[in-house]
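Visitor: Mind having a look at this structure? Questions to follow.
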Amino acid sequence: MACKDEHVGNDWQPYTAPQPRHGHRWVRLLRTVRGQAPRIDVGYLALMCQHCENCKMVEAGFATRREDGIVLIDQAKAKGHREILDMCPYGGIYWNDEIDAPQKCTMCAHIIDSDVEPFIPRCVHSCPTEALKYYVVEPEEMAKIVEEEGLEVFHPEYNTNPHVFYKNLYRYTKNFITGAIVDKASDDCKEGAQVTLTGEGVNETQTTDYFGEFKFDKLDPGTYTISVAGADDVTVTIKESQNIGEIFVD
């Protein structure tokens, strides 16, 4: 909504023309639901132009990449070239029929270049929980932030070297295995049970919580074995997050 408020009906040339009221989502909120009831979670990912170093639009001469890393479309050169829509593997480019040219997130460069504080994108400024952050740092300092906070890029296999990083990306891209340990004699949840997961390069042990539940996350598709004292091993093959239900132990 902040993006819409900033760009719909506002002409920020030479950065970009007004964003159409409908059809454009320069900041898309993607959602994924993992697991099965009652053990599920919901993950969100804010997807915008990734302002990549290896940008096909820049290579084709339809956009420029500024010294600060912001990629801006040259709407005069891009006018009429619908093939530009296919140049972004993230789907972050939209076509404006009114101006017959492509548009996308500009990182609110018109605000960053202005003389009015704060010099940050509107979406970052508007987020009340500070879930979005904007950094103006040297590459070495950004690399340190990435390492310290465990940040990742979305779809690294695209080899675009994006300048948008995500924290806890696994909640959107990875899987989990969850379940509960139940004491067979009392038919009650077993708190404090040691549960071990092995397979696909993973060897991890957890202690069940008050509800006897465990959850192994950040898993790739594959076959895993769950071991707990007092019960036979359970083997599960996952393509997506899986709630395996209850394991009864002696």
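Visitor: Probe radius 1.4 Å, ligands and nucleic acids ignored: give me the carbon and sulfur share of the accessible area of segment 108-250 as a rounded percent.
Guide: Numbers: 4120 of 8690 Å².
Exposed carbon and sulfur together represent 47 percent of the surface.
Visitor: Taking the Cβ of residue 210 as the centre, find all other residues whose Cβ is under 11 Å away and add up their charges (Lys, Arg: +1; Asp, Glu: -1). Kindly include the intermediate steps, with their values, before the conclusion.
Guide: On the way: positive: 190; negative: 191, 209, 213.
Residues near residue 210 contribute -2 overall.
Visitor: Here's something else I'd like to know. Report the Cα centroid-to-centroid distance between segment 1-70 and segment 173-250 in angstrom, as an integer.
Guide: 38 Å
Visitor: Around residue 61, under 9 Å between beta carbons, what's the net of Lys plus Arg minus Asp minus Glu among the other residues?
Guide: Details: positive: 77; negative: 59, 74.
In short, -1.
Visitor: Could you report segment 1-89's accessible area per residue, 1.4 Å probe, as an integer in Å²?
Guide: Working: 5110 Å² over 89 residues.
Normalised by residue count, the accessible surface of segment 1-89 is 57 Å².
Visitor: Here's another thing I want to ask about it. What net charge do the residues around residue 100 carry, taking every other residue with its C-beta under 12 Å from that of residue 100, with Lys and Arg at +1 and Asp and Glu at -1?
Guide: Details: positive: 79, 82; negative: 97, 98.
The answer is 0.
Visitor: Applying a 10 Å radius around every beta-carbon, put 242-249, 20-27 in order of their mean neighbour count, most first.
Guide: Working: 242-249: 17.0, 20-27: 15.2.
Answer by packing, highest mean first, reads 242-249, 20-27.
Visitor: For the chain, what does the helix formula give at 222 nm: sum of -39500 (n - 2.57) over DSSP H segments with n ≥ 4, over the residue count, nearest 500 deg cm²/dmol?
Guide: Numbers: 7 runs with 39 residues, N = 250.
So the helix-based figure for the chain works out to -3500 deg cm²/dmol.
Visitor: Then there's this: Given segment 119-212, what count of lysine pairs have C-alpha atoms under 26 Å apart, with each pair 8 or more places apart or on different chains?
Guide: On the way: 133/144; 133/167; 133/174; 144/167; 144/174.
Taking segment 119-212 as the scope, the lysine pair count is 5.
Visitor: Something else: Relative to the longest principal axis of the chain, what angle (0 to 90°, nearest 10) does the C-alpha long axis of helix 139-149 take?
Guide: Computed tilt is about 30 degrees.
The values are calculated or read from the model by the stated rules, or taken from the named source; none is laboratory data. Small disclaimer: the values here were computed from a predicted structure and weren't measured. When we count neighbours, we look across all protein chains shown, and the Cβ atoms used for this are built from the backbone with ideal geometry, even at glycine. All accessible areas refer to the heavy atoms of the entire protein, side chains included, with ligands and DNA or RNA removed. Shrake-Rupley method; radii C 1.70, N 1.55, O 1.52, S 1.80 Å.
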